[in-house]
1. For the range 1-49, give me each residue that is polar (S, T, N, Q), under 20 Å from the mean Cα position of the chain (by Cα) and part of a loop (DSSP other than H, G, I, E, B).
2. If Glu99 satisfies every condition in (1) over 13 Å from the mean Cα position of the chain (by Cα); (2) under 30 Å from Asp174 (Cα atoms); (3) of a type outside the set (Phe, Trp, Tyr) but one, which is the exception?
3. Only one residue in Ile60, Ile96 is of a type in the set (A, V, I, L, M, F, W, C), crowded, with 18+ Cβ neighbours inside 10 Å and more than 12 Å from the ligand (Cβ to nearest atom). Which one?
4. Taking the stated definitions as given, is Leu77 buried (at least 22 other Cβ atoms within 10 Å of the Cβ) and free of Cβ contacts under 8 Å to residues at least 60 places away in the same chain?
5. Scan the range 48-63 and give yes if some residue there is of a type in the set (S, T, N, Q) and closer than 24 Å to Lys162 by Cβ, otherwise no.
6. Could you look through the range 1-37, keep only residues that are of a type in the set (Val, Ile, Thr) and farther than 27 Å from Phe183 by Cα, and pick out the one that is surrounded by the most Cβ atoms within 10 Å (Cβ to Cβ)?
7. Is the range 106-118 home to any residue that is under 14 Å from the mean Cα position of the chain (by Cα), assigned to a strand (DSSP E or B) and either away from the ligand (no atom under 14 Å from the Cβ) or at pLDDT 95 or above (or both)?
8. Evaluate the range 76-97: report whether one residue or more is of a type in the set (D, E, K, R), at pLDDT 95 or above, touching a Leu at 6+ places or on another chain (Cβ under 9 Å) and within 30 Å of Val191 (Cβ to Cβ).
Amino acid sequence: MENQSELIKVDDNIKRIREQIAEAALRSGRKPEDVRFMAVTKLQENYLVNRAIADGIDLIGENYVKEFLDKKDFLNLDGVEKHLIGHLQTNKVRKIITEVDMIESVDSMEVAEEIERQCEKHGVDMNVLIEVNIGGEQSKTGFDISEVEEKAAQISELGRVKIQGLMTIPPATDDKRELRRLFEEMRKLFVDIQDKKQDNINMNILSMGMSHDYIEAVECGSTEVRIGSAVFGARDYSKKH
Ligand SMILES: *Cc1c(COP(=O)(O)O)cnc(C)c1O
């Protein structure tokens, strides 16, 4: 059932977040349009996602392959870019390879190699981001900061996998100073790799910042924020497959 007040909340949330991103971009010496606003749509109602798209959201992020394939026909995705942002099991790569515009969660050589294999099979290239486990947490996927350059170089040699930048999910903490330190470390790594200008490695996108920390992330140089609950409200985990 569509709920009018939920729709209006989505409108208001998007308007507010856009303004906050624009202000944070200016504070970091950049233009508002230098930072992209992704709406993270996992476990959210389709009609609310469609409202966000009607409000001008042109980039969505999905976590789960099956959920996305099940619901994509109910979404008004014309002109909307779709990124996979969740951990990807290698056996799911073939299902998603022609369905999304980017895979932001390349967190192992195995998944990168499987993307390459599926790209070859379908005669396509795939844009990817290298996921960095910036907090060094055992529980998180992603490359250790110390191995990112080496792994990026290896992945760049595959051919059809096109590195466009870095993505990270920082540790869950309310310590804003610590978050800024980690975001700045990401920014430094991003610029260091950018400066080396290696073949088949672009550093155009630094994807960091979620509902609780997008302002700090933009202030520290993020070029893409991935925002779910601050746009749509809390996720309904009973919908998870
Ligand atoms: C779920 C998710 C988000 C969005 O999280 P919110 O806290 O709801 O904004 C962003 N990035 C990734 C990788 C996610 O899995």
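The values are calculated or read from the model by the stated rules, or taken from the named source; none is laboratory data. Not measured: the values here are computed from a predicted model. We place every Cβ from the backbone using ideal geometry, glycine too, and count neighbours over all the protein chains shown.
1. Those that are polar (S, T, N, Q), under 20 Å from the mean Cα position of the chain (by Cα) and part of a loop (DSSP other than H, G, I, E, B): Thr41, Gln44.
2. So Glu99 meets the others, but not (2).
3. The unique qualifying residue is Ile96.
4. no
5. There is at least one residue in the range 48-63 that is of a type in the set (S, T, N, Q) and closer than 24 Å to Lys162 by Cβ.
6. Out of the qualifying residues, it is Val10.
7. Looking for residues that are under 14 Å from the mean Cα position of the chain (by Cα), assigned to a strand (DSSP E or B) and either away from the ligand (no atom under 14 Å from the Cβ) or at pLDDT 95 or above (or both), one finds at least one in the range 106-118, hence yes.
8. Yes, that holds for at least one residue.
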